[in-house]
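The values are calculated or read from the model by the stated rules, or taken from the named source; none is laboratory data. Bear in mind that the values here come from a model prediction, so they are computed numbers and not experimental data. Cβ placement follows ideal geometry from the backbone for every residue including glycine, while neighbour counts extend to all protein chains displayed. Note: areas computed on protein heavy atoms with side chains; ligands, DNA, RNA excluded. Shrake-Rupley method; radii C 1.70, N 1.55, O 1.52, S 1.80 Å.
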Amino acid sequence: MLALEQLLISLAEPSQVQAHIITKALEAMGAAQIEVHPSGRELIDQARQRRPNLIISAYHLPDITGAELVRELRESDDLYDLPFILISSETNPERLETIRQAGSLAILPKPFTPEEFDLAMQSVMSFLNCPSLGAEVDSDMALMNVLIVDDSSTSRHHIRQVLEKLGFEHFCEAASSEAAIPYLEQEPFKLIITDYHMPGMDGLDFARHVRSSGLQPDAPVMMITSDSDNISKDDLEDAGIAACCQKPFDMDKMRELIRTLLNEY
(Lines give C-alpha, C1' and ligand atoms only; values in the text may rest on other atoms or scores of the structure.)
Protein backbone atom coordinates (compact mmCIF):
# COMPACT_ATOMS: atom_id res chain seq x y z
CA MET A 1 0.00 0.00 0.00
CA LEU A 2 1.40 3.36 -1.03
CA ALA A 3 1.88 6.17 1.49
CA LEU A 4 1.81 9.85 0.56
CA GLU A 5 5.51 10.31 1.30
CA GLN A 6 6.30 7.60 -1.28
CA LEU A 7 4.51 9.33 -4.15
CA LEU A 8 6.27 11.02 -7.02
CA ILE A 9 4.07 14.01 -7.87
CA SER A 10 4.35 16.00 -11.11
CA LEU A 11 2.94 19.53 -11.07
CA ALA A 12 2.29 21.62 -14.19
CA GLU A 13 2.07 25.25 -13.00
CA PRO A 14 3.59 28.24 -14.85
CA SER A 15 3.24 30.60 -11.88
CA GLN A 16 6.12 30.33 -9.43
CA VAL A 17 3.91 31.73 -6.68
CA GLN A 18 1.16 29.16 -7.26
CA ALA A 19 3.69 26.35 -7.64
CA HIS A 20 5.17 27.34 -4.27
CA ILE A 21 1.72 27.36 -2.60
CA ILE A 22 0.81 23.92 -3.95
CA THR A 23 4.24 22.47 -3.17
CA LYS A 24 4.08 23.71 0.42
CA ALA A 25 0.58 22.27 0.83
CA LEU A 26 1.83 18.89 -0.39
CA GLU A 27 4.89 18.99 1.83
CA ALA A 28 2.73 19.85 4.84
CA MET A 29 0.85 16.60 4.23
CA GLY A 30 4.06 14.58 4.01
CA ALA A 31 4.83 14.54 0.27
CA ALA A 32 8.58 14.46 -0.34
CA GLN A 33 8.97 14.03 -4.11
CA ILE A 34 7.47 16.90 -6.11
CA GLU A 35 8.56 17.88 -9.63
CA VAL A 36 7.39 21.27 -10.92
CA HIS A 37 7.05 21.92 -14.65
CA PRO A 38 6.18 25.29 -16.24
CA SER A 39 4.41 23.68 -19.22
CA GLY A 40 2.24 20.71 -20.06
CA ARG A 41 4.54 19.28 -22.71
CA GLU A 42 7.49 19.32 -20.35
CA LEU A 43 5.46 17.43 -17.76
CA ILE A 44 4.38 14.79 -20.28
CA ASP A 45 7.92 14.34 -21.62
CA GLN A 46 9.32 13.98 -18.10
CA ALA A 47 6.53 11.61 -17.07
CA ARG A 48 7.57 9.25 -19.86
CA GLN A 49 11.10 9.20 -18.50
CA ARG A 50 10.19 8.99 -14.82
CA ARG A 51 6.60 7.88 -14.31
CA PRO A 52 4.85 9.83 -11.50
CA ASN A 53 2.13 8.51 -9.20
CA LEU A 54 0.04 11.69 -9.47
CA ILE A 55 -0.30 14.62 -11.87
CA ILE A 56 -1.56 18.01 -10.72
CA SER A 57 -2.11 20.77 -13.26
CA ALA A 58 -3.37 24.28 -13.74
CA TYR A 59 -5.87 24.81 -16.55
CA HIS A 60 -4.07 27.66 -18.29
CA LEU A 61 -0.60 26.54 -19.35
CA PRO A 62 1.66 28.34 -21.84
CA ASP A 63 1.55 25.57 -24.44
CA ILE A 64 -1.62 23.51 -23.89
CA THR A 65 -4.64 23.65 -21.59
CA GLY A 66 -5.16 21.40 -18.63
CA ALA A 67 -7.99 19.77 -20.60
CA GLU A 68 -5.65 18.99 -23.48
CA LEU A 69 -3.06 17.66 -21.05
CA VAL A 70 -5.40 15.20 -19.35
CA ARG A 71 -6.93 14.16 -22.68
CA GLU A 72 -3.47 13.35 -24.04
CA LEU A 73 -2.73 11.34 -20.93
CA ARG A 74 -5.96 9.34 -21.20
CA GLU A 75 -5.40 8.61 -24.90
CA SER A 76 -1.79 7.50 -24.46
CA ASP A 77 -0.64 3.90 -24.16
CA ASP A 78 1.70 4.51 -21.24
CA LEU A 79 0.25 7.30 -19.08
CA TYR A 80 -3.50 6.68 -19.43
CA ASP A 81 -4.01 5.45 -15.87
CA LEU A 82 -2.31 8.26 -13.95
CA PRO A 83 -4.51 9.99 -11.36
CA PHE A 84 -5.10 13.68 -12.15
CA ILE A 85 -6.12 16.76 -10.15
CA LEU A 86 -6.92 20.19 -11.58
CA ILE A 87 -6.16 23.31 -9.51
CA SER A 88 -7.36 26.39 -11.35
CA SER A 89 -9.16 29.72 -11.20
CA GLU A 90 -11.06 28.66 -14.33
CA THR A 91 -14.83 28.72 -13.77
CA ASN A 92 -16.19 28.12 -17.29
CA PRO A 93 -18.61 25.18 -16.86
CA GLU A 94 -17.89 23.71 -20.30
CA ARG A 95 -14.14 23.73 -19.75
CA LEU A 96 -14.47 22.17 -16.31
CA GLU A 97 -16.90 19.56 -17.64
CA THR A 98 -14.19 18.37 -20.03
CA ILE A 99 -11.92 17.83 -17.03
CA ARG A 100 -14.64 15.92 -15.18
CA GLN A 101 -15.32 13.72 -18.19
CA ALA A 102 -11.63 12.81 -18.33
CA GLY A 103 -11.80 11.41 -14.82
CA SER A 104 -10.12 14.08 -12.74
CA LEU A 105 -10.15 12.91 -9.13
CA ALA A 106 -10.70 16.48 -7.93
CA ILE A 107 -11.14 20.01 -9.27
CA LEU A 108 -9.88 22.63 -6.83
CA PRO A 109 -10.20 26.42 -7.03
CA LYS A 110 -7.47 29.01 -6.62
CA PRO A 111 -7.15 29.71 -3.79
CA PHE A 112 -8.14 26.39 -2.22
CA THR A 113 -8.76 25.73 1.45
CA PRO A 114 -6.76 23.19 3.48
CA GLU A 115 -9.95 21.15 3.80
CA GLU A 116 -10.49 21.08 0.03
CA PHE A 117 -6.88 20.05 -0.55
CA ASP A 118 -7.07 17.35 2.10
CA LEU A 119 -10.20 15.84 0.53
CA ALA A 120 -8.56 15.85 -2.90
CA MET A 121 -5.51 14.01 -1.62
CA GLN A 122 -7.69 11.54 0.27
CA SER A 123 -9.38 10.79 -3.05
CA VAL A 124 -5.98 10.22 -4.67
CA MET A 125 -4.84 7.81 -1.95
CA SER A 126 -8.15 5.93 -2.08
CA PHE A 127 -7.73 5.56 -5.83
CA LEU A 128 -4.12 4.40 -5.64
CA ASN A 129 -4.74 1.93 -2.82
CA CYS A 130 -8.18 0.71 -3.83
CA PRO A 131 -8.45 -3.06 -3.18
CA SER A 132 -10.27 -5.48 -5.47
CA LEU A 133 -13.84 -6.42 -4.62
CA GLY A 134 -13.19 -10.08 -5.36
CA ALA A 135 -13.32 -11.27 -1.74
CA GLU A 136 -16.42 -9.20 -0.93
CA VAL A 137 -18.90 -10.31 -3.59
CA ASP A 138 -20.80 -13.55 -4.05
CA SER A 139 -19.81 -14.26 -7.67
CA ASP A 140 -16.57 -14.67 -9.61
CA MET A 141 -15.71 -11.20 -10.95
CA ALA A 142 -13.62 -12.73 -13.74
CA LEU A 143 -16.89 -14.01 -15.26
CA MET A 144 -18.81 -10.72 -14.98
CA ASN A 145 -19.59 -8.61 -18.04
CA VAL A 146 -19.91 -4.83 -17.68
CA LEU A 147 -21.47 -2.42 -20.18
CA ILE A 148 -20.17 1.18 -20.16
CA VAL A 149 -22.21 3.80 -22.04
CA ASP A 150 -20.74 7.30 -22.37
CA ASP A 151 -20.28 9.62 -25.33
CA SER A 152 -16.85 10.70 -24.02
CA SER A 153 -14.07 8.26 -24.88
CA THR A 154 -11.86 9.69 -22.11
CA SER A 155 -14.66 9.20 -19.60
CA ARG A 156 -15.24 5.60 -20.72
CA HIS A 157 -11.51 4.99 -20.43
CA HIS A 158 -11.39 6.30 -16.88
CA ILE A 159 -14.47 4.36 -15.77
CA ARG A 160 -13.00 1.18 -17.21
CA GLN A 161 -9.71 1.87 -15.44
CA VAL A 162 -11.53 2.21 -12.11
CA LEU A 163 -13.53 -0.96 -12.71
CA GLU A 164 -10.35 -2.88 -13.54
CA LYS A 165 -8.90 -1.81 -10.18
CA LEU A 166 -12.02 -3.24 -8.54
CA GLY A 167 -11.48 -6.60 -10.25
CA PHE A 168 -13.62 -6.58 -13.41
CA GLU A 169 -12.07 -8.00 -16.56
CA HIS A 170 -14.71 -8.08 -19.30
CA PHE A 171 -16.21 -4.91 -20.81
CA CYS A 172 -18.36 -3.69 -23.66
CA GLU A 173 -18.26 0.04 -24.44
CA ALA A 174 -20.70 2.21 -26.38
CA ALA A 175 -20.47 5.89 -27.31
CA SER A 176 -24.25 6.39 -27.22
CA SER A 177 -27.40 4.81 -25.88
CA GLU A 178 -28.41 3.83 -29.39
CA ALA A 179 -25.07 2.08 -29.94
CA ALA A 180 -25.45 0.24 -26.63
CA ILE A 181 -28.85 -1.28 -27.39
CA PRO A 182 -27.52 -4.12 -29.62
CA TYR A 183 -25.21 -5.21 -26.79
CA LEU A 184 -28.26 -5.76 -24.58
CA GLU A 185 -29.44 -8.43 -27.01
CA GLN A 186 -26.10 -10.22 -27.26
CA GLU A 187 -25.02 -11.17 -23.74
CA PRO A 188 -26.04 -10.81 -20.08
CA PHE A 189 -24.39 -8.07 -18.04
CA LYS A 190 -23.71 -8.07 -14.33
CA LEU A 191 -23.54 -4.26 -14.26
CA ILE A 192 -24.52 -1.45 -16.64
CA ILE A 193 -22.96 1.99 -16.19
CA THR A 194 -24.28 4.98 -18.11
CA ASP A 195 -23.63 8.70 -18.36
CA TYR A 196 -26.59 11.07 -18.08
CA HIS A 197 -25.93 13.73 -20.72
CA MET A 198 -25.55 12.10 -24.14
CA PRO A 199 -26.69 13.12 -27.63
CA GLY A 200 -29.96 11.48 -28.63
CA MET A 201 -31.25 9.18 -25.92
CA ASP A 202 -29.96 10.35 -22.54
CA GLY A 203 -29.01 8.09 -19.65
CA LEU A 204 -32.44 8.14 -18.04
CA ASP A 205 -34.17 7.15 -21.29
CA PHE A 206 -31.57 4.45 -21.85
CA ALA A 207 -32.19 3.02 -18.38
CA ARG A 208 -35.93 3.04 -19.06
CA HIS A 209 -35.29 1.12 -22.28
CA VAL A 210 -33.16 -1.43 -20.42
CA ARG A 211 -35.94 -2.03 -17.90
CA SER A 212 -38.84 -2.03 -20.38
CA SER A 213 -37.10 -4.29 -22.90
CA GLY A 214 -36.78 -7.13 -20.41
CA LEU A 215 -33.45 -8.08 -21.99
CA GLN A 216 -31.38 -7.49 -18.84
CA PRO A 217 -33.76 -8.15 -15.96
CA ASP A 218 -31.00 -8.86 -13.44
CA ALA A 219 -28.52 -6.12 -14.35
CA PRO A 220 -28.47 -3.02 -12.10
CA VAL A 221 -27.99 0.30 -13.90
CA MET A 222 -25.63 2.82 -12.31
CA MET A 223 -25.56 6.42 -13.52
CA ILE A 224 -22.40 8.51 -13.31
CA THR A 225 -22.99 12.21 -13.92
CA SER A 226 -21.73 15.69 -13.12
CA ASP A 227 -25.35 16.94 -13.03
CA SER A 228 -26.88 14.89 -10.22
CA ASP A 229 -28.21 18.02 -8.50
CA ASN A 230 -30.65 18.49 -11.38
CA ILE A 231 -31.93 14.90 -11.35
CA SER A 232 -34.61 14.10 -8.81
CA LYS A 233 -34.83 10.84 -6.90
CA ASP A 234 -38.23 10.30 -8.50
CA ASP A 235 -36.65 10.55 -11.97
CA LEU A 236 -33.97 8.03 -10.99
CA GLU A 237 -36.49 5.60 -9.54
CA ASP A 238 -38.83 5.99 -12.50
CA ALA A 239 -35.98 5.16 -14.88
CA GLY A 240 -34.91 2.17 -12.84
CA ILE A 241 -31.54 3.58 -11.82
CA ALA A 242 -30.14 1.47 -8.98
CA ALA A 243 -27.40 3.93 -7.96
CA CYS A 244 -26.13 7.37 -8.96
CA CYS A 245 -22.58 8.65 -8.54
CA GLN A 246 -21.34 12.21 -8.98
CA LYS A 247 -18.37 13.19 -11.20
CA PRO A 248 -15.67 13.51 -10.09
CA PHE A 249 -16.52 10.54 -7.92
CA ASP A 250 -15.11 9.49 -4.60
CA MET A 251 -13.36 6.14 -5.06
CA ASP A 252 -14.46 4.73 -1.70
CA LYS A 253 -18.08 5.66 -2.38
CA MET A 254 -17.92 4.22 -5.89
CA ARG A 255 -16.45 0.98 -4.56
CA GLU A 256 -19.12 0.65 -1.87
CA LEU A 257 -21.96 1.34 -4.31
CA ILE A 258 -20.72 -1.30 -6.73
CA ARG A 259 -20.10 -3.82 -3.93
CA THR A 260 -23.69 -3.33 -2.77
CA LEU A 261 -25.10 -3.69 -6.29
CA LEU A 262 -23.15 -6.88 -6.98
CA ASN A 263 -24.39 -8.47 -3.78
CA GLU A 264 -28.00 -7.33 -4.10
CA TYR A 265 -28.67 -8.13 -7.78
Point to revise | Listing of helices (runs of 4 or more DSSP H) fully contained in the stretch 126-241 that carry 1 or more residues being among the β-branched types (Val, Ile, Thr) and in contact with a strand residue (DSSP E or B) (Cβ under 7 Å, 6 or more places away or on another chain) | key: 153-166, 203-213
Study note, to complete from the structure: The residue from Glu13, Glu42, Glu27, Glu35 that alone is under 13 Å from Ile87 (Cβ atoms) and of a type in the set (Asp, Glu) is Glu13
Review point. List pairs: first in the stretch 231-259 and within 17 Å of Pro83 (Cβ to Cβ), second assigned to a loop (DSSP other than H, G, I, E, B) and open to solvent by 40 Å² or more (accessible area, probe 1.4 Å), Cβ under 9 Å, 6+ apart or cross-chain?
Key: Arg255/Pro131
Check your understanding: From the list Ile192, Ile148, which one is modelled with pLDDT of 95 or more, closer than 16 Å to Ile258 by Cβ, touching a helix residue (DSSP H, G or I) at 6+ places or on another chain (Cβ under 6 Å) and of a type in the set (Val, Ile, Thr)?
Key -> Ile148
Study note, to complete from the structure: Of the residues in the stretch 246-256, those that are over 17 Å from Ser139 (Cβ atoms) and either at pLDDT 90 or above or part of a helix (DSSP H, G or I) (or both) come to Met251, Asp252, Lys253, Met254, Glu256
Revision key, fill the gap. Going through the stretch 69-123 in order, the residues found to be closer than 18 Å to Asn53 by Cβ, of a type in the set (D, E, K, R), assigned to a loop (DSSP other than H, G, I, E, B) and in contact (Cβ under 8 Å) with a residue 60 or more places away in the chain are Asp81
Check your understanding: Hey, any hits in the stretch 107-123 for a residue that's under 17 Å from Phe249 (Cα atoms), open to solvent by less than 40 Å² (accessible area, probe 1.4 Å), of a type in the set (Gly, Ala, Ser) and modelled with pLDDT of 95 or more?
Key -> yes
Check your understanding: Within the stretch 211-225, can you find the residues that are open to solvent by 30 Å² or more (accessible area, probe 1.4 Å) and among the small types (Gly, Ala, Ser)?
Key -> Ser212, Ser213, Gly214
Exercise for review: Specify the residue that is most open to solvent (accessible area, probe 1.4 Å); the eligible residues are those in the stretch 175-200 that are out of contact with any Leu (no Cβ under 7 Å at 6 or more places or on another chain) and of a type in the set (Gly, Ala, Ser).
Suggested key: Gly200
Practice item. Output yes when any residue across the stretch 146-168 is free of Cβ contacts under 8 Å to residues at least 12 places away in the same chain, open to solvent by 40 Å² or more (accessible area, probe 1.4 Å) and small (Gly, Ala, Ser), and no when none is. Key: no
Exercise for review: Scan the stretch 39-54 and give yes if some residue there is in contact with a strand residue (DSSP E or B) (Cβ under 6 Å, 6 or more places away or on another chain) and β-branched (Val, Ile, Thr), otherwise no.
Suggested key: no
Exercise for review: Can you tell me which residue among Ile192, Ile159, Ile181, Ile148 is within 15 Å of the chain's Cα centre (by Cα), more than 30 Å from Leu26 (Cβ to Cβ) and of a type outside the set (S, T, N, Q)?
Suggested key: Ile148
**Study point:** the stretch 232-260, residues that are crowded, with 18+ Cβ neighbours inside 10 Å and within 15 Å of Arg211 (Cβ to Cβ)
**Key:** Leu236, Ala239, Ile241, Ala242, Ala243
Exercise for review: Scan the stretch 145-170 for residues that are within 17 Å of Phe127 (Cβ to Cβ) and of a type in the set (Ser, Thr, Tyr) and jot them down.
Suggested key: Thr154, Ser155
